[in-house]
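Working notes for the structure below.
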Amino acid sequence: MEEVNQAFKEYMEVYKTLSIPEKRDEIINSTKELIVVFEQLAQQDHIPLEFLKSREINDLEGKNTSEDDFLEAELVYLEVAKNIIGQYLEQKI
């Protein structure tokens, strides 16, 4: 576990040096990775998932995204993650 903690510490040091748009991208990508992990677990266990849909995610596709666009999209991704984790766990129990 010490190696994981050290790698995380190094990751955070690099993260701190990023620009605000790069930090936003990293946060969104990390949330998407979480969603993919549970999507893959569900596929392995043959558990169908239904994904929440929201147009706020599309707002990130432009170059000039606002803080509101980022926060709304991140909230959507977090809610999607919570929802599919719930669906997965509900089927596993």
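Within the chain, how many lysine pairs that are 8 or more places apart, or on different chains, have C-alpha atoms less than 17 Å apart?
7
Along the Cα→Cβ direction, 7 angstrom out, place labels at Lys32 and Asn64. What is the inter-label distance in nm?
Result: 2.3 nm between the two label points.
DSSP loop (so not H, G, I, E, B), at most 16 other Cβ within 10 Å: list which GluC sites (Glu not before Pro) in the stretch 42-72 pass both filters.
Glu50
Calculated from the structure, Rg/Rh (Cα atoms, Kirkwood Rh) equals which of (i) 1.05; (ii) 0.95; (iii) 1.26?
(i)
Would you mind calculating the gained length between Leu52 and Glu90 on full extension (0.36 nm times residue separation, minus the Cα-Cα distance), in nm to one decimal?
12.0 nm
May I ask you to list the trypsin sites (Lys or Arg not before Pro) in the stretch 16-65 that are in a DSSP loop and have at most 12 other Cβ atoms within 10 Å of their Cβ?
Lys53, Lys63
Every number in this text was worked out from the coordinates using simple rules, so none of it is lab data. A quick note: this is a predicted structure, and the numbers were derived from the prediction, not measured. We place every Cβ from the backbone using ideal geometry, glycine too, and count neighbours over all the protein chains shown.
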